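The values are calculated or read from the model by the stated rules, or taken from the named source; none is laboratory data. Keep in mind that this is a model prediction, so the values were computed, not measured. Cβ: placed from backbone, ideal geometry, glycine included. Neighbour counts: every protein chain shown.
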Amino acid sequence: MTRIAFIGLGNMGGPMAANLVKAGHDVVGFDLSHDMLKAAEATGVKAANVLTEALADAEAVVTMLPKGQHVLTVWTDILRSVPKGTLLIDSSTIDVDSARKAHAMAGDVGCLSLDAPVSGGTGGAAAGTLTFMAGGSTESFAGAKPLLEVMGRKIVHCGDAGAGQAAKICNNMILGISMIGVCEAFVLGEKLGLSHQALFDVASTSSGQCWSINTYCPVPGPVPTSPANTDYKPGFSAALMLKDLRLSQEAALSSGASTPLGAEAAQLYALFEKLGNGGRDFSAIIEMFREAE
Ligand code: NAD
């Protein structure tokens, strides 16, 4: 049993903390939202009224927060309170530069640190089947692995500080671009009188196959579990896709990488959000292409 402080008990953090409790760990949670704290308490997480209360005697700290600025602020406070050697794991999706800053801050006071963003969404968080992409030292990864294995099914050590965040945004840039490609193909197919099923049967078994068509098909019918069948209820919201595409473009700018399709995908999702679709599943962007005709 490990004594864990879990900071950020939202849509993802709440169920992740609950799985740590289920596995027998002693989890004390903190969230600025009283409602989220209460919901976590109902799953066996002990509620702390202030951050420092959650940190008392913690051997490991997990943060699951919205953005880089939140992580840097919270980690600054955490690192003031915890003893040397404490392991800090950040599972939020944040920019690579902030992730590297957070590692440096932890290193300065002798703490272990890991960036470990996830994919798999709220369903994966609840089921304990997330994929973790980790960046940090071998020692930090070894310490975190048993905890990550409770919350996830696949755990990949991607490299040093920031490598987990880098893998996450590269993967999601592929996803944003491929979803747009699949949506354009279905809209073209409709214009050409091709049935959704016929295009799916061909493309899902030919060179056009990818997760966006085979598993998450953006039209109703061919893949019964895809959000297209439930009026694009997320799933993975367009707002979160836009967030990740913007992170990819920040990283492209700061590293000098050329990502023209990533830039275009970010612009298209920004437009889609502006039209009031941020809360819908990201595959609903197919409707914007139909309407653009
Ligand atoms: P969320 O908004 O539901 O939860 C974030 C929680 O952090 C909130 O409850 C908020 O009150 C709390 N918080 C903010 N500042 C705080 C502070 N200073 N101290 C304590 N608590 C604080 O967000 P989420 O959906 O759980 O996502 C968390 C992270 O995981 C994000 O970076 C997101 O991009 C990433 N992510 C989300 C999904 C998803 O499907 N929701 C999937 C993969 C990754």
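Looking only at the range 119-133, which residues are surrounded by fewer than 24 Cβ atoms within 10 Å (Cβ to Cβ) and in contact with a Leu (Cβ under 6 Å, 6 or more places away or on another chain)?
Restricting attention to the range 119-133, the residues satisfying the condition of being surrounded by fewer than 24 Cβ atoms within 10 Å (Cβ to Cβ) are 119-124, 126-129, 131.
Hits for the range 119-133 are G120, G124.
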When the residues of the range 1-22 are filtered to those that are surrounded by fewer than 16 Cβ atoms within 10 Å (Cβ to Cβ) and either closer than 14 Å to L148 by Cα or not polar (S, T, N, Q) (or both), which remaining residue is farthest from the ligand (Cβ to nearest atom)?
M1
Filter the range 249-285 down to residues that are of a type in the set (V, I, T) and crowded, with 20+ Cβ neighbours inside 10 Å, then give me how many there are.
1
I want to confirm something. Restricting to the range 223-250 and keeping residues that are basic (K, R) and part of a helix (DSSP H, G or I), which single residue is farthest from E273 (Cα to Cα)?
R246
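Specify the residue that is nearest to the ligand (Cβ to nearest atom); the eligible residues are those in the range 70-100 that are over 16 Å from the mean Cα position of the chain (by Cα) and within 24 Å of S255 (Cα to Cα). It would help to see each step written out before you state the result.
Residues of the range 70-100 over 16 Å from the mean Cα position of the chain (by Cα): 72-88, 97, 100.
Now drop any that are not within 24 Å of S255 (Cα to Cα), which leaves 72, 97, 100.
On the way: L72: 10, D97: 15, R100: 16 Å.
By that ranking, first place goes to L72.
Based on what the data block shows, is L65 hydrophobic (A, V, I, L, M, F, W, C), touching a residue at least 24 places away in the same chain (Cβ under 8 Å), touching a Cys at 6+ places or on another chain (Cβ under 7 Å) and not in a helix (DSSP H, G or I)? It would help to see each step written out before you state the result.
Working: hydrophobic (A, V, I, L, M, F, W, C): yes; touching a residue at least 24 places away in the same chain (Cβ under 8 Å): yes; touching a Cys at 6+ places or on another chain (Cβ under 7 Å): no; not in a helix (DSSP H, G or I): yes.
In short, no.
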Of (1) under 24 Å from L240 (Cβ atoms); (2) more than 16 Å from the ligand (Cβ to nearest atom); (3) of a type in the set (K, R), K154 satisfies every one except (2)
What is the residue count in the range 238-274 for residues that are farther than 16 Å from I174 by Cα and either within 16 Å of the ligand (Cβ to nearest atom) or among the acidic types (D, E) (or both)?
2
Matching residues in the range 71-100 - criterion: being part of a helix (DSSP H, G or I) and without any contact (Cβ under 8 Å) to a residue 60 or more places away in the chain:
V71, L72, T73, W75, T76, D77, L79, R80, S81, S98
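Checking the conditions here, which among G110, G124 is in the same structural domain as K84 (by TED's automatic domain parsing) and part of a loop (DSSP other than H, G, I, E, B)? Write out each step before concluding.
Working: G124 fails: part of a loop (DSSP other than H, G, I, E, B).
Just a single option satisfies the conditions, and that option is G110.
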Filter the range 190-222 down to residues that are in a helix (DSSP H, G or I) and either within 27 Å of the chain's Cα centre (by Cα) or under 30 Å from A163 (Cα atoms) (or both), then give me how many there are.
4
